[in-house]
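Engineer: Quick one: the structure is below, questions incoming.
The values are calculated or read from the model by the stated rules, or taken from the named source; none is laboratory data. These numbers were taken from a predicted model, which means no experiment stands behind them. Note that each Cβ is placed from the backbone with ideal geometry, even for glycine, and that neighbours are counted across all protein chains shown.
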Amino acid sequence: MAALLEYKCPNCGGAIQFDSALQKMKCPFCDSEFDMEALKAQDKALNNAQPDSMNWQTEAGSQWQQGETDGMSVYVCKSCGGEIVGDQTTAATSCPFCGNPVVMSGQFTGTLRPDLVIPFKLDKKAAKAGLMKHLAGKRLLPRIFKDQNHIDEIKGVYVPFWLFDADVSADIRYKATQVRMWSDSEYEYTETSYYDVARSGSIGFDRIPVDGSTAMSDDLMESIEPYNAADAVDFQTAYLAGYLANKYDVTAEQSTERANDRVKQSTEQAFAATVQGYESVAPEQSSIRLQNGKAKYALYPVWLLTTSWNGGKYTFAMNGQTGKFVGDLPLDKGAYWRWFGMLTAVFAVVTYAAAALIHML
């Protein structure tokens, strides 16, 4: 059976047809016109396009040596299911992820030994100072939050990460635009020109981190990036002394999809930076191919702070290496509406003044 060949408009996605009067392809939806030679070049690029090939060697971590885990226990939260590792003297009376006070202890088994660890560089005092700095200057924060807010828990936790290394070859096509505007005595005109831009090349990635714990939000962990991977050292259990370690429950194989997303997005952004002289640049089609894709298992330092105010719980995270601090804060609704009203009034005054000036002219 013969296949019906359909061309899509690069601008709006509608089906384009050959216009015999113009001797060009024309889109009936947005009236864009395309030279046959331009479409021929696009056909060649599409026919030569290769599918993504993003496969990894995920044999990360190693087996614990005999006696190395003696005295270590795993603590499981009955509320959120989070698992943390500590020694048998750990006062795990509450979960650092959800604050639930019911935590039970069990034998430490069934996990891999990390390849690398970034030791904590900042202590508990730095975490407290990070919270105060995070609260400073927040105009819409309830004024009494600082005074009545109190820190319920501060825990240093080593969070499991899978680190992905790869060399990448890519062929990417971008849709770019240039906009020209002019006017006459009657009308204002806007002309938008569309361009098909191709880029090919190679790029390398080293230690792309992917959170290996469902107890930790991926967005939260990515918000406190980056870590300085140069500080990573070979893992030793001694680094866990005085801290907790979140036990991974997402395998390296299960983390490859997130790694692929980060590789693809970063590659498209890096190549797009070379497409200059346009109003906008957006990826339209890409072929990403990995070589030498490997994974390592590492523990990264995070301070988790849990605070309470007005019956609510608020969790903050601080990068235990760099001090980068993130966390949601309550909103003073009264202050919000006062600011909104003030900005609306200022906007109205500016608009009135501009209209009056134009009328005078």
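Engineer: Residue by residue through the stretch 154-169, note down the ones that are among the hydroxyl-bearing types (Ser, Thr, Tyr) and either at pLDDT below 90 or in contact with a Ser or Thr (Cβ under 6 Å, 6 or more places away or on another chain) (or both).
Structural biologist: Ser169
Engineer: Taking the stated definitions as given, is Glu191 outside any strand (DSSP E or B), in contact (Cβ under 8 Å) with a residue 12 or more places away in the chain, within 29 Å of Glu284 (Cα to Cα) and of a type in the set (D, E, K, R)?
Structural biologist: It is false that Glu191 is outside any strand (DSSP E or B), in contact (Cβ under 8 Å) with a residue 12 or more places away in the chain, within 29 Å of Glu284 (Cα to Cα) and of a type in the set (D, E, K, R).
Engineer: Assess whether Thr307 counts as being among the polar types (S, T, N, Q), under 23 Å from Glu83 (Cβ atoms) and in a strand (DSSP E or B).
Structural biologist: no
Engineer: For Leu131, which of the numbered conditions (1) modelled with pLDDT of 70 or more; (2) outside any strand (DSSP E or B); (3) among the aliphatic types (A, V, I, L, M); (4) surrounded by fewer than 18 Cβ atoms within 10 Å (Cβ to Cβ) fails to hold?
Structural biologist: So Leu131 meets the others, but not (4).
Engineer: Right, here's the next one. Yes or no: Thr307 modelled with pLDDT under 90, closer than 20 Å to Pro96 by Cα and among the polar types (S, T, N, Q)?
Structural biologist: Yes: the conditions hold for Thr307.
Engineer: Failed condition for Ala245, given (1) small (Gly, Ala, Ser); (2) surrounded by fewer than 19 Cβ atoms within 10 Å (Cβ to Cβ); (3) modelled with pLDDT under 90, with all others met?
Structural biologist: The one condition Ala245 does not meet is (2).
Engineer: Looking only at the stretch 204-224, decide whether some residue is under 27 Å from Tyr278 (Cβ atoms) and either exposed (fewer than 13 other Cβ atoms within 10 Å of the Cβ) or at pLDDT 90 or above (or both).
Structural biologist: Yes.
Engineer: Looking only at the stretch 194-238, filter to residues that are of a type in the set (Phe, Trp, Tyr) and assigned to a strand (DSSP E or B); which one of those is farthest from Asp52 (Cα to Cα)?
Structural biologist: Filtering the stretch 194-238 for residues that are of a type in the set (Phe, Trp, Tyr) and assigned to a strand (DSSP E or B), the one farthest from Asp52 (Cα to Cα) comes out as Tyr194.
Engineer: Go through the residues of the stretch 253-263 one by one and say whether even a single one is of a type in the set (Asp, Glu), under 22 Å from Gln63 (Cβ atoms) and in contact with an Asp or Glu (Cβ under 7 Å, 6 or more places away or on another chain).
Structural biologist: Scanning the stretch 253-263 turns up no residue that is of a type in the set (Asp, Glu), under 22 Å from Gln63 (Cβ atoms) and in contact with an Asp or Glu (Cβ under 7 Å, 6 or more places away or on another chain).
Engineer: From the list Ile172, Ile151, which residue is among the β-branched types (Val, Ile, Thr), under 29 Å from the mean Cα position of the chain (by Cα), modelled with pLDDT of 75 or more and part of a strand (DSSP E or B)?
Structural biologist: The unique qualifying residue is Ile172.
Engineer: Using beta carbons and a limit of 7 Å, which pairs, at least six apart or on different chains, have the first residue in the stretch 208-229 and over 25 Å from Val168 (Cβ atoms) and the second one of a type in the set (Ser, Thr, Tyr)?
Structural biologist: Ser213/Tyr248
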